[in-house]
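These notes concern the structure reproduced below.
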Amino acid sequence: MLTKFETKSNRVKGLSFHPKRPWILASLHSGVIQLWDYRMGTLIDRFDEHDGPVRGVHFHKSQPLFVSGGDDYKIKVWNYKLRRCLFTLLGHLDYIRTVQFHHEYPWILSASDDQTIRIWNWQSRTCISVLTGHNHYVMCASFHPKDDLVVSASLDQTVRVWDIGGLRKKTVAPMGEEGLRLSQVNADLFGSGDALVKYVLEGHDRGVNWAAFHPTLPLIVSGADDRQVKLWRMNDTKAWEVDTLRGHVNNVSSVLFHARQDLVVSDSEDKSIRVWDLSKRVGVQTFRRELDRFWILTAHPEVNLLAAGHDSGMIVFKLERERPAYATHASTLYYIKERFLRSYDFSSQRDAALINLRRPTITTGTTVPPRTLSYNPAENAVLVCSDAEGGSYDLYMIPRDAGRTGEASVEGKHGVGGSAVFVARNRFAVLDRGSNQILVKNLRNEVTKQCPSPLPITDNIYYAGTGTLLLRCDDKVVLFNVQERTVTAELTVPFVKYVVWSSDMEHVGLLSKHAIVIADRKLANACTVHETIRVKSAAWDDNGVLIYTTLNHVKYCLSNGDSGIVRTLETPIYITKVFGDLLFCLDRDGKHRQIQVDTTEYMFKLALLQRKFDTVLAMIRGSALCGQSIIAYLQQKGFPEVALHFVKDERTRFNLALECGNIEVALQSAQEIDDKDTWAKLGVEALRQGNHQIVEFAYQKTRNFERLAFLYLITGNLEKLAKMLKIADMRNDSMGAFHNALFLGDVRERVRLLADAGQHALAYVTAATHGLEEEAGRLAEGLPEVPPLDPQAQLLMPPAPILKEDNWPLLTVSKGFFENLAKKGAAERGAAANIEVGDEELDVAAWGDAEGPDVLGDDLDANGDLLDEDGHVETGLEVGDEEGGWEMEDLELPADTPRAAAGTAVFAAPSQGTPPQQRWIQQCTLAPELIAAGSFDAAMRLLNRQLGIVDFTPMREYFLDLARGTQSVLPVLPGTPSIPLALDRGWDAQDPSKPPTAPALVYSLNALEARLKGGVYKAMTDGRFSEGLRQVNALLHLVPLTVVDTRREVDELKELLTIAREYNIALRTELTRKEVKDDVNRAAELAAYMTHAQLSPLHTALALRSAMSLFFKLKNLATCAIFCRRLIELNTAPKIAAQARQYLAACERSPTDAVQLNYDARNPFDLCSITFTPIYKGNQYVECPFSKARFKPECRGQISPVGDIARIGADASGLLCSNAQSSR
């Protein structure tokens, strides 16, 4: 049985698959109806209107409806799109056991404990027939899939078959309204004549719980409380018992025919599901659960899936694998279908049967499908592996003329082995799991060589080139050279299911259940793609892109780990070959399918990765590739200039242009947008590049006069600074005018401004200090008291500018591919904002020497607006006769400025280097390194996938410490900002120009060990349990944020995590014991539990002494004696050992327990540290994916108290703390 989905809930009494969507309804004993997506494993919705258990539920075949029936005597019809109950059907007088929609008519069939079966019209919402005849509870009733029949099972020990042909005829040719009313009255009083009992099947010795029709044959199967499953056959006149299937040891709850095979499936209260061969009438498979009784069984109407409900939830499963065994060589596919080895030519699309696989390995008692197929082109041979006999293989030699003369019968050579693959022209390797050896055999199936596996446990082998194998164990694969018997590479990966090599054997895809790992032939440069649903198949295309399928998508993965969706799927498929944009696939029935896909997205990313910019340009111009995801991808990969060509929205173009430093495109977009925020951002970027003319233009657009004045000051443009003084004066901006006068050194203007502002004393002091005696005398006359002057006063005069420069000097560099494209595109757009050097182009060289727009040479009014010759205010800050603000067309070069050669080299700012943090983010794969690089979001997603961490609040300070610990600053000249430095872990003084590899980290394994010994151990010894818990929680938070170098250190870090977990549980147990010290019995239980924590001998001795004392006081002397013996065995101090012997002697005199406690010292257990109750060996539990602490099943979904960061029961891949785990 292959379990596909499992839930934990109250007892499931009813199940129904949706006919088209991957949904299943589960009705619970608690009264709730759950709607699950079994493919994604998520709860879609829940419906809670029934009072009491809901025993029956069923989806409609085509409408968005389902029906439910419960112990509240009500039948409810629901619309799952509207998420509500549409109406309720009332009429039954007792519990309703099952409900079902008719496949064609608007009918609902219901069976009830009131001993009746009712048929309802859900459109008219009336009962149209009542089937009476059973004299006990009717446990189930169902329509025949094709005929006008109903089968029912009752506790009166009978199965009845009802003919409802009369009811169908009445609905096809309905009577009048009066006739319907009369028919309804008769039906209520005497039973309906529209449904007649056709057969009564008697044979069970006890009540019958279930009966079901065969989908195509005239057969019925029933299950009863007599623990038997019976088969019945019927014809037009009679029905009779065919056989009885015995094997269940308790009541049979449900039974049905398998839709696709000659099988009967039944489940029972004996906690088992049994599969019976319909032709041989014997049991072939049994699946058991430890604790849960089964109550309901259902089959999917279209797909090969079954579902069973039990005491604690439900399972969705299928009986065998449906993945076809296949192998591809060149342009031919070899695959197995219905016992035949077949070939399919991709070019001619010709399919032919080659040989008949007659050996019993495929049908040994039960149908065991082949698992893998390996093809040898040199000898035209195949190896077929299956799970029969615990793992076996068959070797077949394909005749050269097979396929042309029809299928041939070939006797294969059989052998036993875990798996078998070809490794050379005439050799194949077989894994012997029992001895953990690899056997090399020739084509006569004779052993020619044996070599032990380098792994302690090898569970599968895969082809990896001539003479080389990939060996798999639980968490890694190794590359093994069979000839030299050496391991050449090793890679830590999730549990690998399939291996896919590229055609040139240079790359390999390792497929796990929920992950794909791509590596080169040496298992290096590995990258991992995680999926939330199952990965099904994969194949490489001719460009080195891995195309793979999940249950509902076709996806791609590049060699750098970038992935995306190609298209969605209705049903799962298995890719066999990729030709351009055409996928060749097999479905689960072994049928060939061809799927057309759009390769534009991944071919674009591949061209960008390979830096084939001509291809990128062609795809930009010729395709409709666009969207926010592509733009975000280009930004993430450092190609914002490429993203510019996808964007038509000016605001987005502006932001991208700023990011890539393209001031030209940013200026064009800013003029199109023309708002204050845009100009402000443009001014900041232009100032960063030292382009003062664009800064000036942006400040003028935003009328930011203060910044504009300061710009003129630092560039030494005193002429325009004087004009800014005039503007401020006309705007009545006294403070701005005073600043400008101060910058210019215009003392008279400052005196005037102070006097106008009413600051006569300050005006006098300023005039007198600067020697303006006439102004000082005039001002002194108006002062009541003349302020004294400081004899040490110094003149406040700005220095005269020595060098006036508009722009920073720029280097001569060649423009890149996309920069030239951007300039060409800008010329084509004809933007009005071009600052021209020549006749057509905006050239950066002009920005170094050209004069700015002489806006400030004109007169302005008090608001800062320009005045024309007649004194009228112009419509904007204009230049010349054109409108549009302070345009840039009037920028002219001095006559001696050299012109740049067109199209070759220009003066451009040197491109900004890649920050070390960005390099770290691109290169690092460990969560602590991503945190140190500042990529908190990516690190948190990684920690969630690896360890199930969902609450990062307790780790916030450690995140910040990691990020701050990688930064330092280098002080430089006074008055200038310090230079930030990134601290790289791989920095080498011998090679200081080496690019950054990984950030330096502040936490190390040694520091964590010191914290354990100096913090946790000491606090535990001193009895400071709250402090100890704080220290151990800090240790738990630091473990996932620590990186180590070697595999030995990885093991040490995992051991440290185990120690921290044990101390966390022990400390919280002790703190809980102190809280409940008034409850002596509970306190004793907790003290006993604490003695089983894996602590150091010193702390174990302390826990044992505490428990020994409590149990002695409680008169539980038998258990106390156990603690005494354990304490003596620890070889503690003589004084403590003597005390323990005294206690032991006293206990042995009366070795009994006065109080019954929930503690069994001899039964191994784990402590649930939420409920603080033991989980004894063999009981169910759920784990914290981070600490591996175990909890009761009802704790699933809660935050684990061991660290307070991870969710209990979450899926996680495990702790990844070293690059050594992912490479050799």
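The values are calculated or read from the model by the stated rules, or taken from the named source; none is laboratory data. Remember, predicted model here, so these are calculated numbers, not experimental data. So basically every Cβ, Gly included, is an ideal-geometry build from the backbone, and we count neighbours across all protein chains shown. Side chains are part of the model used for accessible areas, which takes the heavy atoms of the whole protein and leaves out ligands, DNA and RNA. Shrake-Rupley method; radii C 1.70, N 1.55, O 1.52, S 1.80 Å.
Observations, loosely collected:
- Between Leu93 and Arg21, the FRET efficiency from the beta-carbon distance, with R0 = 35 Å, is close to 0.50.
- In this structure the amide hydrogen of Ser16, modeled in the peptide plane, comes within under 5 Å of the amide hydrogens of Leu25, none closer than 5 places in sequence on its chain.
- For the stretch 276-337, the fraction of alpha-carbon pairs lying more than 20 Å apart is 52 percent, rounded to a whole number.
- Largest-first ordering by accessible area, 1.4 Å probe, given options Arg425, Arg274: Arg425, Arg274
- Taken along its principal axes, the alpha carbon cloud of the stretch 628-746 reaches lengths of 56, 23, 17 Å, longest axis first.
- Packing rank of 569-577, 1182-1190, where each peptide gets the mean count of other beta carbons within 10 Å, highest leading: 1182-1190, 569-577
- Distant alpha-carbon pairs in the stretch 912-1031 (separation over 23 angstrom), percent: 47 percent
- Convex hull of alpha carbon positions in the chain: directionally averaged projected area 76.4 nm².
- Crossing angle, helix 1080-1090 versus the chain [Cα axis fit, 0-90 degrees, rounded to tens]: 80 degrees
- Here the chain exposes an accessible surface that is 49 percent carbon and sulfur, computed with a 1.4 Å probe and the other protein chains kept in place.
- The HN-Hα couplings worked out from phi for the stretch 152-161 by the Karplus form 6.51 cos²θ - 1.76 cosθ + 1.60 (θ = phi - 60°) are 9, 10, 9, 6, 7, 6, 10, 10, 10, 10 Hz, whole numbers, x standing for Gly and Pro.
- The gain in end-to-end length when the Glu1052 to Asp262 segment is fully stretched comes to 278.9 nm, 0.36 nm per residue minus the alpha carbon separation.
- Entries in Lys555/Lys605; Lys8/Lys230; Lys61/Lys591 that, when Cα-Cα distance is taken, lie over 23 Å: Lys8/Lys230; Lys61/Lys591
- The simple Förster model, with R0 at 56 Å and r as the Cβ-Cβ distance, assigns Trp987 and Gln1156 a FRET efficiency of 0.30.
- In the stretch 1-47, trypsin sites (Lys or Arg not before Pro) in a DSSP loop with at most 16 other beta-carbon atoms within 10 Å: Lys20
- Taken over the stretch 1055-1094, the percentage of Cα pairs per 5 Å bin, counting from 0 up to the bin with the maximum distance, is 5, 29, 28, 18, 11, 6, 3, 0.
- Contact order for the stretch 450-524, expressed relative to its length and based on alpha carbon pairs under 8 Å spaced 6+ residues apart, stands at 20 percent.
- Binned Cα-Cα distances of the stretch 1029-1136, short to long, each 5 Å bin given as a whole percent: 2, 12, 19, 18, 16, 12, 9, 6, 4, 1, 0
- Size of electric dipole in the chain: Cβ of Lys, Arg +1 and of Asp, Glu -1, about Cα centre, debye, nearest 20: 9460 debye
- Counting Cα-Cα pairs of the stretch 1098-1224 in 10 Å increments starting at 0 gives whole-percent bin shares of 12, 29, 25, 22, 10, 3, 0.
- Crossing angle, helix 956-965 versus the chain [Cα axis fit, 0-90 degrees, rounded to tens]: 50 degrees
- Per-selection metrics, the stretch 667-803 (Cα): Rg and Dmax in Å: 18.8, 60
- The angle separating the long axis of helix 1025-1038 from the principal Cα axis of greatest extent in the chain is about 80 degrees.
- Of the cross-linked pairs Lys13/Lys271; Lys476/Lys536; Lys318/Lys1192; Lys637/Lys701; Lys76/Lys146; Lys146/Lys271, those separated by over 22 Å at the C-alpha level are Lys318/Lys1192; Lys637/Lys701; Lys76/Lys146; Lys146/Lys271.
- For the chain, the solvent-accessible area works out to 46 Å² per residue, with a probe of 1.4 Å and every protein chain left in place.
- At most 15 other Cβ within 10 Å, DSSP loop - GluC sites (Glu not before Pro), the stretch 239-296: Glu290
- Lysines with Cα under 19 Å of Lys413, excluding same-chain neighbours fewer than 8 positions away: Lys441, Lys449
- Per-residue 3J(HN,Hα) values for the stretch 763-776, derived from phi via the Karplus relation 6.51 cos²θ - 1.76 cosθ + 1.60 with θ = phi - 60°, read 5, 5, 4, 4, 5, 5, 5, 8, x, 8, 5, 4, 5, 5 Hz in sequence order (x marks Gly and Pro).
- Theoretical FRET efficiency, 1/(1+(r/R0)^6), r = Cβ-Cβ of Asn250 and Asn525, R0 41 Å, to 0.05: 0.10
- Values of log10 I(q)/I(0) for the stretch 396-492 across q = 0.11, 0.20, 0.21 Å⁻¹ run -0.37, -0.92, -0.99, by the Debye formula with one identical scatterer at each alpha carbon and no solvent.
- Cross-link partners of Lys1077 among lysines (Cα-Cα below 19 Å; sequence separation of 8 or more within a chain): Lys1113, Lys1115
- q = 0.17, 0.28 Å⁻¹, the stretch 444-507: log10 I(q)/I(0) [Debye, one scatterer per Cα]: -0.61, -1.36
- Residues of type lysines that Lys648 reaches as a straight line, Cα spacing below 17 Å, ignoring anything fewer than 8 places off in the same chain: Lys823, Lys824
- The phi torsions of the stretch 221-237, fed into the Karplus equation with coefficients 6.51, -1.76 and 1.60 and a -60° offset, translate into couplings of 10, 9, x, 9, 6, 7, 6, 10, 10, 10, 9, 10, 10, 9, 10, 5, 10 Hz, rounded to whole numbers, with Gly and Pro shown as x.
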